[in-house]
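The values are calculated or read from the model by the stated rules, or taken from the named source; none is laboratory data. This one's a predicted model, so the numbers in the text were calculated from it and none came from an experiment. Neighbour counts are summed over all protein chains in view; Cβ atoms, including those assigned to glycine, are modelled from backbone coordinates with ideal geometry.
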Amino acid sequence: MSLFLHYLSLPYLITGAWFTLAVTALGLGGGLILGLVLAAMQLSRFAVLAVFARGYTIIFRGTPLILQMVFAYDALPQIGLKLSAVGAAGLALAANEAPFIAEMLRAGVLGIDRGQVLAGQALGMTPSLLMRRIIAPQAIRMMIPAFGNETVSALKNSSLASVISVQELTLRSTQLASSTFDFFSIFFASGLIYLVLTTGVSVIQLFVERALDLDRPATENRFARLLPWYRAPLALQAVASDPIATAQPEEAATSRDAKVSRADRTKRSAGLAHNQVVVDVSGLYKAYTTQPVLAGVDLTIRLGEVVALLGPSGSGKSTLLRCINHLEGWDAGIVKVGGRRMGFREDGKPLSPRALAEERAVVGVGMVFQQFNLFGHLTALENVAGPLRWVHGVSRVDADRRARELLERVGLGNRAHALPRHLSGGQQQRVAIARAIAPNPAVLLLDEPTSALDPELVNEVLEVIRRLAVEDGLTMIISTHQLRFADEVADRVVFLSGGAIIEEGPAHQVLTNPRNPITARFLNAMETDRPSVAPA
Amino acid sequence: MVPNNVSANFSKSLSAGRLRAVAIAAAGLIAVCISAGQAQAAAPAGCAALQEKYPDWKGKTLVNAINPHTPGYEAIDPKDPDKYVGFDIDLGEDIGECLGFKLTYKAVTFAALLTTLSSGQADIVISDIYATKERAKAADFITYSKVFDGVLVAKGNPKKINGINTSLCGAAAAENTGFVEVPLVQDMGPKCKAEGKPEPTLQLYDNNADCIQAILAGRADTYVNDVNTVDQAVKAHPDKLEKAIAVTIPYSVGIAVPKDKPKFRDAVMAALILLQKDGVHKELLKKWDLDPNNFKEPDILTVN
């Protein structure tokens with residue numbers, strides 16, 4: 001036992017542990033850099049890079065680390081690259097760790113919900129901005145346990161550096177055992193030193209996980225709380241009360257008002273007909289393999305118009321909306337927003353993803369998704385204010401002020417610091433609407449905004465959309481199954497079936513007196529929600 | 001220094017060592033290579049002339065690749081593990097002093113000694129390595145010592161092994177990867193077969209400590225290696241191990257130098273001759289309690 005303690009505190013072995021740490025640090029640091037490059041190459045849209053990265057991964061993941069160490073140490077000098085033993089070991093470990101770290105990074109990035117990416121794109125974020133602000137922060141949280149594992153594994157793998165004369169813990173233990181013959185005391189001691197090191201890694205991992213845990217009560221700066229002079233602020237937030245969600249009776253009254261004013265709305269429609277064109281779709285054709293999803297769609301939307309897109313599932317409503325802000329490509333036809341042809345340069349060549357993102361931001365097409373797609377790692381306020389700062393270069397103060405105003409408008413002023421996961425579906429969708437209208441878009445696209453909501457939450461969202469139409473005169477295209485809502489809010493109804501517009505016209509007229517038999521059959525099937533035939 | 005009683009010395013130095021250990025336990029990362037050993041007595045008179053004749057290495061620091069698992073020849077000093085000590089270490093330092101260079105050490109596995117030399121990661125190998133024709137394809141050797149092997153067995157020699165002969169049939173022999181004893185044991189295979197006995201099996205390890213542990217753990221029956229190493233092992237575990245017999249094998253121990261540096265080889269050879277004339281070689285054998293019969297006048301072994 002005393003021998004064991006002697007070896008445990010022997011500077012010779014402790015110094016060996018430092019070498020172990022040095023090799024591990026080089027291996028992980030280098031592996032992280034190489035791994036980032038590899039992952040970027042594999043996720044890149046250039047096939048050559050992906051193939052190269054694949055090849056590297058096959059070679060370095062498929063050969064033993066011990067061979068790679070000997071290679072870095074004995075073969076590289078032949079081409080004039082003579083690294084120190086620690087350097088060679090670090091290089092070999094880095095080269096070996098890189099494919100594993102790259103796969104971790106790739107899994108983290110691919111594990112991010114596709115909706116997060118779509119929402120970011122729709123807000124006009126460039127690919128690099130999207131990676132930095134949306135994907136990376138969420139992926140890193142998911143990757144920390146795997147990275148902890150990788151660190152422990154690298155720490156243990158560094159013992160293989162003993163074959164190329166790195167004076168690390170294992171080599172020093174065997175040398176000491178050879179000269180003293182105290183085999184077991186020495187190896188128990190060095191085993192314990194390894195355990196202390198790996199336990200240290202685990203503690204750091206837990207600490208980082210805690211520090212990045214979104215569910216911990218958030219403050220402005222989560223690292224400030226670690227400082228000794230930090231004092232928690234007093235909670236001044238009012239107990240949540242939700243003016244819109246609790247405003248059901250009043251809301252019912254509003255919809256009655258809407259019906260009463262139908263005569264006014266006919267007049268309004270006549271006025272709209274002279275407004276300038278905001279969205280102009282002509283001959284839009286898109287097919288998956290041979291099956292057309294959009295079979296030649298022509299559609300014109302004028303300033304201030306609210307258009308309801310109706311039609312059975314699979315009729316092409318969502319695809320049409322996604323084409324309008326170029327989240328999806330198409331095969332033929334032209335989409336113009338604000339007079340500008342989307343997705344193409346002046347000379348007719350397609351835009352790069354980056355230029356496309358900038359175009360979206362400039363032209364101003366806001367989008368609200370069925371699944372809300374709020375950024376999961378950001379508070380309600382940041383979901384609205386963040387894109388304003390990152391995409392439109394608004395100052396923090398102005399972005400926050402605008403975000404607070406909008407949250408107030410959608411009745412969520414008191415939930416500004418809540419994370420999406422702590423909000424109900426209806427609340428999330430209201431934040432998503434605030435986010436979409438924050439940059440003052442020329443047109444707002446809403447893709448079945450209430451389909452994913454529990455029935456009792458539908459009205460609070462519809463009420464927000466109704467106000468945007470009535471109070472703001474915002475140009476909107478809404479795909480929906482809410483016929484009563486379409487009747488009350490939309491100026492025009494467009495009915496899609498099989499990728500083509502089969503009927504369109506003033507909302508009340510199409511909904512109550514359809515001419516096309518397919519429209520009639522669809523409306524009959526949705527009888528329960530159908531507006532009454534007689535005008536109120 | 002009384003090297004033949006390593007463990008006794010070691011336990012006496014325990015408490016002082018621990019104090020020191022605690023004192024500098026926080027020491028950080030230090031230099032990769034640690035120079036070892038104290039300079040021996042003043043260099044022989046002829047060294048000045050040699051340094052004039054071979055000036056290329058004067059004032060340089062060269063790297064000596066060693067497999068420091070052989071107490072008596074090269075191992076870390078149990079009292080100060082940052083140092084290497086042993087006959088080969090002293091001899092190398094003396095040659096260096098004579099030619100005007102200093103040595104640092106690079107610890108590698110036995111099998112990696114010559115690859116380390118030929119990849120340029122080391123300048124010289126003085127590590128109880130036997131000069132064979134096979135190895136001379138990778139490096140030039142200056143031989144300096146005869147070879148006596150001991151047969152290490154468990155106490156009582158339960159398998160009655162008495163040399164590198166058919167007494168090995170059916171036994172398990174532990175050897176280091178790359179040792180010359182490996183083919184010698186393998187050669188017994190056909191002979192055992194001819195006598196209708198099972199062939200000996202070989203277990204390959206990376207260092208002496210592992211080979212000795214293999215016998216202590218009952219995994220191997222014998223370990224044939226340099227007689228001094230065997231004696232050291234028996235001293236460390238007198239109740240568990242014994243030396244069955246000493247045998248001569250037809251090799252010499254050599255200093256390995258790169259094949260493309262004949263001038264360096266000649267300089268080392270000249271310095272070694274000078275040291276032998278001056279009696280340094282025999283003094284070192286005595287100092288490290290090695291058999292004076294090991295003494296051998298140097299030769300060069302080189303093949304193309």
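Kindly indicate which of B:180, B:224 is touching a helix residue (DSSP H, G or I) at 6+ places or on another chain (Cβ under 6 Å), more than 14 Å from chain A (Cβ to nearest Cβ) and touching a residue at least 40 places away in the same chain (Cβ under 8 Å).
On the way: B:180 fails: touching a helix residue (DSSP H, G or I) at 6+ places or on another chain (Cβ under 6 Å).
Criteria check complete, one pass: B:224.
Which condition from (1) outside any helix (DSSP H, G or I); (2) out of contact with any Gly (no Cβ under 9 Å at 6 or more places or on another chain); (3) surrounded by 13 or more Cβ atoms within 10 Å (Cβ to Cβ) is the one that residue A:322 breaks?
With (1) outside any helix (DSSP H, G or I); (2) out of contact with any Gly (no Cβ under 9 Å at 6 or more places or on another chain); (3) surrounded by 13 or more Cβ atoms within 10 Å (Cβ to Cβ) applied to residue A:322, the lone miss is (1).
For residue A:154, are the conditions met, namely being buried (at least 21 other Cβ atoms within 10 Å of the Cβ) and within 14 Å of chain B (Cβ to nearest Cβ)? Please lay out each step first, then the result.
Details: buried (at least 21 other Cβ atoms within 10 Å of the Cβ): yes; within 14 Å of chain B (Cβ to nearest Cβ): no.
Judged against the criteria, residue A:154 is not a match.
Could you give every pair whose Cβ atoms fall below 8 Å, whose first residue belongs to segment A:87-116 and is more than 14 Å from residue A:136 (Cα to Cα), and whose second residue is at pLDDT below 90 and not in a helix (DSSP H, G or I), counting only separations of at least 6 or pairs across chains?
What qualifies is A:89/A:166; A:91/A:83.
Could you give every pair whose Cβ atoms fall below 7 Å, whose first residue belongs to segment B:44-56 and is over 9 Å from residue B:99 (Cα atoms), and whose second residue is at pLDDT 90 or above and part of a loop (DSSP other than H, G, I, E, B), counting only separations of at least 6 or pairs across chains?
Close Cβ pairs (under 7 Å, with a partner that is at pLDDT 90 or above and part of a loop (DSSP other than H, G, I, E, B)) amount to B:44/B:278.
I'm trying to understand the selection: among the residues of segment B:57-88, which are without any contact (Cβ under 8 Å) to a residue 60 or more places away in the chain and within 21 Å of residue A:10 (Cβ to Cβ)? So that I can check it myself, show each step before the final result.
Just the residues of segment B:57-88 that are without any contact (Cβ under 8 Å) to a residue 60 or more places away in the chain, to begin with: B:58-61, B:68, B:74-77, B:80-84, B:88.
Once the filter is applied, which keeps residues that are without any contact (Cβ under 8 Å) to a residue 60 or more places away in the chain and within 21 Å of residue A:10 (Cβ to Cβ), segment B:57-88 yields B:68, B:74, B:75, B:76, B:77, B:80, B:81, B:82, B:83, B:84.
Select from segment A:103-144 the residues that are under 25 Å from residue A:393 (Cβ atoms) and among the basic types (Lys, Arg) and write down the one among them that is surrounded by the fewest Cβ atoms within 10 Å (Cβ to Cβ).
For segment A:103-144, the residue satisfying everything is A:132.
Does segment A:440-468 hold any residues that are touching a residue at least 60 places away in the same chain (Cβ under 8 Å), on the phi < 0 side of the Ramachandran plot and among the polar types (S, T, N, Q), and which are they? Talk me through it step by step, then tell me what you get.
First, pick out the residues of segment A:440-468 that are touching a residue at least 60 places away in the same chain (Cβ under 8 Å): A:440-449, A:451-452, A:457, A:459-460, A:463-464, A:466.
Within this subset, residues satisfying the condition of being on the phi < 0 side of the Ramachandran plot are A:441-447, A:449, A:451-452, A:457, A:459-460, A:463-464, A:466.
Selection gives A:451, A:459.
Residue B:223 - would you say it is more than 23 Å from residue B:141 (Cβ to Cβ), of a type in the set (Ser, Thr, Tyr) and crowded, with 17+ Cβ neighbours inside 10 Å? Give the steps one after another, and end with the answer.
Working: more than 23 Å from residue B:141 (Cβ to Cβ): yes; of a type in the set (Ser, Thr, Tyr): yes; crowded, with 17+ Cβ neighbours inside 10 Å: yes.
For residue B:223, the condition - more than 23 Å from residue B:141 (Cβ to Cβ), of a type in the set (Ser, Thr, Tyr) and crowded, with 17+ Cβ neighbours inside 10 Å - is met.
Tell me which residues, restricted to segment A:19-61, are within 27 Å of residue A:127 (Cβ to Cβ) and within 14 Å of another protein chain (Cβ to nearest Cβ).
none
Given A:251, A:305, A:328, which one is at pLDDT below 75 and in contact with a helix residue (DSSP H, G or I) (Cβ under 6 Å, 6 or more places away or on another chain)? Don't jump to the end; show me each part of the working.
Working: A:305 fails: at pLDDT below 75; A:328 fails: at pLDDT below 75.
Testing whether each residue is at pLDDT below 75 and in contact with a helix residue (DSSP H, G or I) (Cβ under 6 Å, 6 or more places away or on another chain) leaves just A:251.
Going by the conditions given, is residue A:178 in the same structural domain as residue A:106 (by TED's automatic domain parsing) and over 47 Å from the mean Cα position of the chain (by Cα)? Explain how you work it out, then say what you get.
Working: in the same structural domain as residue A:106 (by TED's automatic domain parsing): yes; over 47 Å from the mean Cα position of the chain (by Cα): yes.
Here the answer is yes, as residue A:178 does meet what is asked.
If residue B:150 passes every condition in (1) touching a residue at least 12 places away in the same chain (Cβ under 8 Å); (2) closer than 30 Å to residue A:81 by Cβ; (3) not aliphatic (A, V, I, L, M) but one, which one does it miss?
Condition (2) is where residue B:150 drops out.
Is it the case, given these coordinates, that residue A:13 is buried (at least 19 other Cβ atoms within 10 Å of the Cβ) and either within 14 Å of chain B (Cβ to nearest Cβ) or acidic (Asp, Glu) (or both)?
Working: buried (at least 19 other Cβ atoms within 10 Å of the Cβ): yes; either within 14 Å of chain B (Cβ to nearest Cβ) or acidic (Asp, Glu) (or both): yes.
Yes; evaluated as a whole, the condition is true for this residue.
Would it be correct to say that residue A:162 is modelled with pLDDT under 95, farther than 26 Å from residue A:62 by Cα and within 14 Å of chain B (Cβ to nearest Cβ)? It would help to see each step written out before you state the result.
Working: modelled with pLDDT under 95: yes; farther than 26 Å from residue A:62 by Cα: no; within 14 Å of chain B (Cβ to nearest Cβ): yes.
So residue A:162 does not fit the description; no.
For a quick check of your reading: which helices (runs of 4 or more DSSP H) sit entirely within segment B:33-148 and have at least 1 residues that are crowded, with 17+ Cβ neighbours inside 10 Å, away from chain A (no Cβ under 14 Å) and more than 19 Å from the chain's Cα centre (by Cα)? Lay out the reasoning, then the answer.
Numbers: elements: B:47-53, B:87-99, B:113-118.
The qualifying helices (runs of 4 or more DSSP H) are B:47-53, B:87-99.
Condition first: out of contact with any Phe, Trp or Tyr (no Cβ under 9 Å at 6 or more places or on another chain) and in contact (Cβ under 8 Å) with a residue 12 or more places away in the chain. Now tell me which residues in segment A:7-24 satisfy that.
Taking segment A:7-24 and keeping what is out of contact with any Phe, Trp or Tyr (no Cβ under 9 Å at 6 or more places or on another chain), we get A:9-12, A:14-16, A:18-19, A:21-24.
Listed by number, the residues that qualify are A:10, A:12, A:14, A:15, A:16, A:19, A:21, A:22, A:23, A:24.
Considering segment A:193-219 alone, what residues qualify as being surrounded by 13 or more Cβ atoms within 10 Å (Cβ to Cβ) and within 14 Å of another protein chain (Cβ to nearest Cβ)?
Passing the criteria: only A:193.
Answer yes or no as to whether residue A:107 is of a type in the set (Gly, Ala, Ser), part of a helix (DSSP H, G or I) and either within 23 Å of residue A:213 (Cβ to Cβ) or assigned by TED's automatic domain parsing to the domain that holds residue A:328 (or both).
Working: of a type in the set (Gly, Ala, Ser): yes; part of a helix (DSSP H, G or I): yes; either within 23 Å of residue A:213 (Cβ to Cβ) or assigned by TED's automatic domain parsing to the domain that holds residue A:328 (or both): yes.
So residue A:107 passes the test.
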